[in-house]
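Everything below concerns the one structure shown next.
The values are calculated or read from the model by the stated rules, or taken from the named source; none is laboratory data. In this text the structure is predicted, and so the values were computed from the model without any measurement. Glycine gets a Cβ as well: all are built from the backbone with ideal geometry, and neighbour counts include every protein chain shown. The protein model used for the area step is the full one, side chains on, heavy atoms only, and it has no ligands, DNA or RNA in it. Shrake-Rupley method; radii C 1.70, N 1.55, O 1.52, S 1.80 Å.
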Amino acid sequence: MTMKGFSRNFKPLEILTEEQVEAIHRGMLNVLEKTGIRVEHKRALKLFEQNGCPVDYDEMRVRLPPSLVEECLRKAPSSFYIKAREPENGWQIGGNNLYLEPFPGMRTVDLDTWKDRPATQKERDEGLVVIDALDSVHGIGPYTPYFDVEGIPPAMAIPEGIAAAFRKSTKALIGQGHQLDSEIFTMEMAKAVGAEYAMNFNMAPPLTARSDIVEAMFRTVEGGFPVWLTGGVTMGATSPATIAGAEIVNNAQAVFSVVLAQLIRPGTGAVFSHSLSFAQDMRGGVPAYGGIEGVLHLVGANQIWRKYGIPKSAGVPGISSSKAMDFQCGYEKAIGALAAALSGSNVIMLHGGVYGELSWHPVQAILDDDIAGMIGRFIEGIEVDDDTLAIDLINAVGPIPGMYLDKAHTREWWKKEQFIPKAADRLSYPEWFGGGKKIALDYAKDRMEEILATHKPKPLTASQENEIERILEEARAYYKKKGMLE
Amino acid sequence: MDEIIENLKKAVIEYDGEAAASWARKAVEEGIDPIEALDALTVAIKQVGDGYGRGDLWLPDLVGASSAMISATPIIEEKIKATGGKRHKLGTIVIGTVYGDIHNIGKNMVSTLALAGGFEVIDLGVDVAAEKFVDAVRKHEPQILALSSLLTTSAYVQKEIIETLKKANLREKVKIAVGGGAITPEFAKIIGADEYRPTAIAAVDLFKEFVGVK
């Protein structure tokens, strides 16, 4: 049993020629062979050396022969299953499947002033309830929804966040983050509730793998869990300013990650997580979130990774440069999400993210639910058969006064063909003025209240709850011992 | 002599590190007053910094000019040291991104604009441990310590640095400014920093306030 996501029923969008794909691929192989990757982890360097890679221990540099790279790309499965707390919510990732999940934010935002502030634990739990309730949220991504929560010390941010996600939702936990060895506790919690998770492996651009992340990769892959190879470059800052050059740096990092995972355990499930590649904003110094260059980079990467036969996730559509849930936030996210879906992303991180990775709100998640629904409907495409062509019906109805509203065919088909947004205004002018001039944001706020009043996520069993609490205690003791917790 | 000074300025304005280093060596060889040479570099970087402030120039211009200046300054500073001279500066800043965090763009912007503003900047880089900050404060005796972090986990390292400074009896010797994506004004107060600023330009204005320059 698997979570039903969306399916793309037509050819993916391609914006590169075969020659261009090949040129970027060859460039990536060249960089991995010539310059390689700085790997700040001795055991990993040894593993590469044992597999025929030239290793410079002083520079902590490994150079990857193209033959090994291509062999490891072949070993990674093109589709695999990730178990959720409830079996029917597990993900079969790959192929034409599209799943959506939230994009996290550090803090919450005030809906009147748009000021960001740490979320309360109640707000975090409410965010998770909304996530659990939304049909277009198929799983839960990293650091979701918040990672700056009042009363939770930074060392416990991830263990407490994972515990809350398991407590408030039965959906699959996908691409979970880690810090300070937190993957030890994430794996334990996942096992305690009969689930799996995929571990976020974040390279540091350009071309660097930090020791903590490599250690986390060893732990999770040896623990039998799949990996989420999260890349991301800032074009003009951590990669060339050109999109083609940025594809090479980002792909070199992610392909290196595939190789490492396959060397640790051949056949390990891996997802190329395009995550966050944006242009550098050359004024303020932060990435240009929501910029169209990031979308181009994503669409190009999707085409290249389809050739590698590895499932693909997109983070670019999850966030905007806008601080408010406004027109800009909407168009930046929607354009990115549609382009991701059209070009074959298997996962899109979308719901709830507002500005950068700094803010999140359940009302935004509800607005994004409509974007997700529209995109899901779009990629299903146009069904063409005798029934949908309806030639007999058209001939039977004929010209005016013929009409279709009273026909059985209409009653049968309209709901299959139409997506009905839940927070969009579709009233007439008189109705709209008479009804208080509500806009999408108002409808989304109403819907949040309704969800919080009515949606009750399925709780953990008593023994699962005990286990989660025991693991949290274990984590607290671990960080106290390390002096990270008072 | 004027030609060398002009070429030093030109090298920075044209983002040419090799030329800047080569004209700096020439200045030393020709016996040009190293203070005057350093002032020329400062004038040039200020010109670029002002252009950035006005919106005519962009981040790559700012960082490019800064790199060019950094190629030339050690050559000239060595000469100043040898001759026992004293450079003109508004003050000294020790800056770095704290331990556990490798984000350097915001920190580099502050560094460059501070340099352009007339400060001596000791940039410790990224992923800098508390002890390293404390050692640098002890060694360089700066008026200002500027700490950057973009991650929530590393934000708390700033607190640790301030605590370590207190233990070493150095806290009162420096003004501490904090910044970065994970930092808020409220957080700055909680950890005992003096001030928080949200942008690089505001940070340099703050540094000037710290040393009593308007």
3J(HN,Hα) from dihedral phi, the range B:87-97, Karplus parametrisation 6.51/-1.76/1.60, rounded to Hz, x for glycine, proline: 7, 7, 7, 6, x, 10, 10, 9, 9, x, 8
For the range A:57-116 versus the range B:102-153, the gap between their alpha-carbon centres in whole angstrom: 34 Å
Sparse-neighbour loop sites [chymotrypsin sites (Phe, Trp or Tyr not before Pro); the range A:34-101; at most 16 other C-beta within 10 Å; DSSP]: A:57
Positive-end residue of B:130, A:384, A:137, charge dipole of the protein assembly as shown with Cβ unit charges: B:130
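Tally Lys/Arg at +1 and Asp/Glu at -1 over every other residue whose Cβ is under 10 Å from the Cβ of residue B:71; what's the total?
On the way: positive: none; negative: B:16, B:18.
Net charge around residue B:71: -2.
What does the convex hull of the Cα atoms of the range A:138-202 come to per residue, in Å³, rounded to a whole number?
Cα-based convex hull of the range A:138-202, divided per residue, equals 83 Å³.
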Built amide H within the under 5 Å cut-off of residue A:197, gap 5+: none
Estimated translational D of chain B in µm²/s (Stokes, Kirkwood radius over Cα pairs; 10 °C; 1.306 mPa s): 90 µm²/s
Whole-Hz ³J(HN,Hα) from phi, Karplus 6.51 cos²θ - 1.76 cosθ + 1.60, for the range A:88-98, glycine and proline x: 6, 9, x, 9, 9, 9, x, x, 8, 5, 10
Buried on assembly, the range A:153-176 (at least 40 Å² less accessible surface than by itself, 1.4 Å probe): A:154
For residue A:237, residues with placed amide H under 5 Å, excluding near neighbours: A:280
Electrostatic dipole magnitude of the range B:30-166 [Cβ: Lys, Arg +1; Asp, Glu -1; Cα centre; debye, to 20]: 280 debye
Neighbour net charge for residue A:26 - beta-carbon separation under 11 angstrom, K R +1, D E -1: -3
Computed [θ] at 222 nm, helices only, for chain B once each DSSP H run of length n ≥ 4 contributes -39500 (n - 2.57): -19000 deg cm²/dmol
Cα centroid of the range A:265-332 to Cα centroid of the range A:147-181, whole Å: 23 Å
Kirkwood Rh and Cα Rg combined as Rg over Rh, evaluated for the range B:110-214: 0.92
The range A:1-112: C-alpha pair distances exceeding 24 Å, %: 57 percent
Amide H contacts under 5 Å for residue A:271, placed H, 5+ residues apart: A:227, A:228, A:229
For the protein assembly as shown, size of Cβ-based charge dipole, Lys and Arg +1, Asp and Glu -1, in debye: 1140 debye
Distance (nanometres) between label positions extended 7 Å along Cα→Cβ at residue A:437 and residue A:462: 5.6 nm
Per residue convex hull volume, Cα atoms of the range A:302-375, in Å³: 77 Å³
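Assigning unit charges at the beta carbon (Lys, Arg +1; Asp, Glu -1) and nothing else, what dipole magnitude in debye, to the nearest 20, does the range A:340-412 show about its Cα centre? Write down the numbers at each step before the final one.
Numbers: 3 positive and 12 negative charges, 43 e Å.
The calculated dipole for the range A:340-412 is roughly 200 debye.
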For the range A:226-244 versus the range B:55-87, the gap between their alpha-carbon centres in whole angstrom: 30 Å
For the range B:55-140, Kirkwood radius (reciprocal of mean inverse C-alpha pair distance, Å): 14.1 Å
Mean Kyte hydropathy of 0.5 or more with a Cα span along the axis of at least 20 Å, helices from DSSP in chain A: A:243-264, A:327-342, A:362-380
Solvent accessible area, Å² - residue A:388, 1.4 Å probe, full protein context: 30 Å²
1.4 Å probe, heavy atoms, protein only - residues of the range A:282-316 losing at least 50 Å² accessible area vs chain alone: A:282, A:283
Two-decimal Rg to Rh for the range A:309-351 - Kirkwood Rh, Cα set: 1.04
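What ratio of Cα Rg to 2.2 N^0.38 Å holds for the range A:42-168?
Expressed relative to 2.2 N^0.38 Å, the Cα Rg reads 1.48.
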All Cα pairs of the protein assembly as shown, percent lying beyond 39 Å: 39 percent
Relative contact order %, the range B:1-154, counting alpha carbon pairs below 8 Å whose residues are six or more apart: 24 percent
B versus A: buried accessible surface, summed, Å² (probe 1.4 Å, to nearest 100): 1400 Å²
Range of Cα positions in the range A:378-475 per principal axis (Å), largest first: 74, 41, 22
Percentage relative contact order, chain A, counting C-alpha pairs under 8 Å, at least six apart: 19 percent
Cβ-defined net charge surrounding residue A:306, 10 Å radius [Lys, Arg +1; Asp, Glu -1]: +1
